[in-house]
């Protein structure tokens, strides 16, 4: 007797948004959680997290425009545009609201999502998030220099085939062996493709300059006061210092901060079981935000609205 094949937990789907293909992964059932990857990454990076949480939640992990197998059009790669795409994706697949989880660049995108569409956000989770300070690894700042496109075009393909060379160079810039090195090497290899490389540079230059991060949300973190917020970082992060999360935590009363001492830039890959446990605990201990037009207006005017149930 032939046994029926068990369908994969994580399925890959795509939609057409404004004439462009957007690919996304989806798994599980229950309250929606959107997982947003970092620069030069893709939704695939969240596969382990999705499999660990699919028994309790509906997980959606898109490939941002210009990333993964989503289209890479010439256009707007600003945080606002990417946040609008996430809203449009949720609407298209029939999801009203979600807990928004963002890693690195994705952290900046989900913060912008909350700013633009607060009524659609249940909770906010920032993982090694950009947009919380100016410091960022020299490698990303160097990619903003004139001529970076030509340099990447000439080196991404050949160097990606010689991992030891890439590993040695990145090691001298603070990368340690493990998930950080593997992911940046994979992202660097993808830049051999012309469209991917141009999208990467457009996206990067919207948030990073040669002096560091250009976008800092610190003056607006108070806006998340009525949204349960979790900040996660790795103590050994070579890209964005864990101190950024610690300082943001101080500016976000009621937020929860978790630092993984042994993790780097990708704590959900370095310590997947611990990351899933922290996510479950946070979701279990907090109630979804209930932001209305009136309450958002009160927050902007400095009036303290009715608080949601949230654990610090």
- Task: Would you check if residue 269 is at pLDDT 90 or above, part of a loop (DSSP other than H, G, I, E, B) and closer than 25 Å to residue 77 by Cβ?
- Result: no
- Task: Taking residue 172 as the residue in question, decide whether it is more than 22 Å from residue 72 (Cα to Cα) and modelled with pLDDT of 90 or more.
- Result: no
- Please find, within segment 194-204, the residue that is nearest to residue 244 (Cα to Cα) out of those that are surrounded by 15 or more Cβ atoms within 10 Å (Cβ to Cβ) and in contact with a helix residue (DSSP H, G or I) (Cβ under 9 Å, 6 or more places away or on another chain). 204
- Look through segment 290-307, keep the residues that are touching a helix residue (DSSP H, G or I) at 6+ places or on another chain (Cβ under 6 Å) and not in a helix (DSSP H, G or I), and return whichever of them is modelled with the lowest pLDDT. 305
- Message: Conditions first: (1) loosely packed, with under 15 Cβ neighbours inside 10 Å; (2) over 25 Å from residue 265 (Cα atoms); (3) modelled with pLDDT under 95. Residue 73 passes all but one, so which condition is the exception?
- Response: (1)
- Collect the residues in segment 197-231 that are touching a strand residue (DSSP E or B) at 6+ places or on another chain (Cβ under 8 Å) and farther than 25 Å from residue 77 by Cα, keeping them in residue-number order. 227, 228, 229, 230
- Item | 3 or more residues within 15 Å of the chain's Cα centre (by Cα), surrounded by fewer than 23 Cβ atoms within 10 Å (Cβ to Cβ) and modelled with pLDDT of 95 or more: qualifying strands (runs of 3 or more DSSP E) within segment 1-69 | none
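Specify the residue that is farthest from the chain's Cα centre (by Cα); the eligible residues are those in segment 226-251 that are surrounded by 18 or more Cβ atoms within 10 Å (Cβ to Cβ) and in a helix (DSSP H, G or I). Don't jump to the end; show me each part of the working.
First, the residues of segment 226-251 that are surrounded by 18 or more Cβ atoms within 10 Å (Cβ to Cβ): 226-234, 236-242, 244-245, 248-249.
Retained after the next criterion (residues that are in a helix (DSSP H, G or I)): 226, 242, 244-245, 248-249.
Values: 226: 21, 242: 16, 244: 15, 245: 14, 248: 16, 249: 18 Å.
Out of the qualifying residues, it is 226.
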- With respect to residue 186, is the statement that it is under 22 Å from residue 233 (Cα atoms), modelled with pLDDT under 90 and either out of contact with any strand residue (DSSP E or B) (no Cβ under 8 Å at 6 or more places or on another chain) or not in a helix (DSSP H, G or I) (or both) true? yes
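Going through 130, 106 one at a time, which residue ends up being at negative phi, assigned to a loop (DSSP other than H, G, I, E, B) and either crowded, with 24+ Cβ neighbours inside 10 Å or modelled with pLDDT under 95 (or both)?
Values: 106 fails: assigned to a loop (DSSP other than H, G, I, E, B).
Exactly one of 130, 106 is at negative phi, assigned to a loop (DSSP other than H, G, I, E, B) and either crowded, with 24+ Cβ neighbours inside 10 Å or modelled with pLDDT under 95 (or both), namely 130.
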- Test: residue 166 is crowded, with 17+ Cβ neighbours inside 10 Å, at pLDDT 80 or above and either in contact with a helix residue (DSSP H, G or I) (Cβ under 9 Å, 6 or more places away or on another chain) or farther than 25 Å from residue 233 by Cβ (or both): no
- Exactly one of (1) surrounded by fewer than 18 Cβ atoms within 10 Å (Cβ to Cβ); (2) in contact with a strand residue (DSSP E or B) (Cβ under 9 Å, 6 or more places away or on another chain); (3) closer than 21 Å to residue 38 by Cα; (4) at pLDDT below 95 is unmet by residue 254. Its number? (3)
- Hey, any hits in segment 136-143 for a residue that's outside any loop (DSSP other than H, G, I, E, B), more than 18 Å from the chain's Cα centre (by Cα) and either more than 30 Å from residue 274 (Cα to Cα) or at pLDDT 95 or above (or both)? yes
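The values are calculated or read from the model by the stated rules, or taken from the named source; none is laboratory data. Keep in mind that what you see is a predicted model, and the values were worked out from it rather than measured. In this analysis, Cβ positions are derived from the backbone assuming ideal geometry, glycine residues included, and neighbour counts consider all displayed protein chains.
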